[in-house]
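Here is the structure we will look at, set down as structure tokens.
The values are calculated or read from the model by the stated rules, or taken from the named source; none is laboratory data. What you see is a predicted model; the values in this text were computed from it and never measured. With ideal geometry, Cβ positions are generated from the backbone for all residues, glycine too; neighbour counts draw on all protein chains shown. We work out accessible area using only protein heavy atoms, side chains counted, and drop any ligands, DNA or RNA first. Shrake-Rupley method; radii C 1.70, N 1.55, O 1.52, S 1.80 Å.
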Amino acid sequence: MKKIQFSASFEQYADKDDLDTSDKKMMDLAIEARDRSYSPYSQFSVGAAVLLENGEIITGNNQENAAYPSGMCAERVAIWTASALYPGVKVIKLVLSGKSKLRLVETPVSPCGACRQVLSEYEAKQNSDIEIYFTGETGKVIKTSSVKDLLPFSFDGSLV
Ligand code: THU
């Protein structure tokens, strides 16, 4: 038996205003998308902005449904829209913000497990890392350099 160690490092910004100008613009677009989300059941809004290698920015937000499992997360709406509109164009980064109508969310809202798996598919397909930035309504922004740091041992298409 041998032990394998996993380690990852993350950047932390005290506030979204501390981001670079272009990343701040991405965050503002994610926030605008977040505030257009359709989330009457959870009252929890999430918005995502995806930057593509061709410079296009695609946004998405969570879309809920009376049949709860039929709803969809913001990250998947955004990255699937990007792939539908620009198939094969590399994804550089995804920026994410979450907010509740019921309480102040000051903790960074990280992608759920299913979204991590979906994001990892595109990272593997394009053979280059996707940066993920995530935050709540206020407070810290966390940046990860790769989906791999959020989902070690992801299920990979090469196994199928
Ligand atoms: N949600 C997202 O949009 N992204 C995530 O990564 C986590 C959760 C949405 C799904 C649902 O509409 C609401 O947030 C509450 O779970």
Contact order normalised by residue count of region 32-93, Cα under 8 Å, 6+ apart, percent: 32 percent
If Met1, Met26 are ordered by their accessible area, calculated over protein heavy atoms with a 1.4 Å probe, which sequence runs from highest to lowest? Met1, Met26
Can you show me the helix-derived [θ] at 222 nm for the chain, built from DSSP H runs with n ≥ 4 at -39,500 (n - 2.57) apiece and divided by the number of residues, rounded to the nearest 500. -8000 deg cm²/dmol
Between the DSSP loop rule and a limit of at most 14 other Cβ atoms within 10 Å, which GluC sites (Glu not before Pro) in region 77-160 are left? Glu106
For Lys93, which sequence-distant residues (separation of 5 or more, or a different chain) have an amide H within less than 5 Å of its own amide H, given hydrogens modelled in the peptide plane? Leu51, Glu131
Fraction in percent of alpha-carbon pairs per bin - 5 Å, the chain: 2, 9, 18, 22, 20, 14, 8, 3, 1, 0, 0
For the chain, the accessible surface attributable to carbon and sulfur atoms (probe 1.4 angstrom, ligands and nucleic acids excluded) amounts in percent to 52 percent
Most positive-pole-ward Cα, Leu96, Tyr38, Thr21, against dipole of region 11-111 from beta carbon charges: Tyr38
Relative contact order, percent, region 6-153 [alpha-carbon distance under 8 Å, six or more residues apart]: 25 percent
Would any residue of region 50-70 have its amide N under 13 Å from a label point 7 Å out along Cα→Cβ of Asn127? List them or say none. none
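How high is the relative contact order of region 1-64, in percent, with contacts defined as C-alpha pairs under 8 Å that are six or more residues apart?
Details: 77 pairs, mean separation 16.8, N = 64.
Computed over region 1-64, the figure is 26 percent.
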Given a 1.4 Å probe, the accessible area of region 11-111 per residue, as a whole number of Å², is 51 Å²
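So what's the convex hull volume per residue for the Cα atoms of region 1-92, in Å³?
Values: hull volume 16.9 nm³, N = 92.
Looking at region 1-92, the number lands at 183 Å³ per residue.
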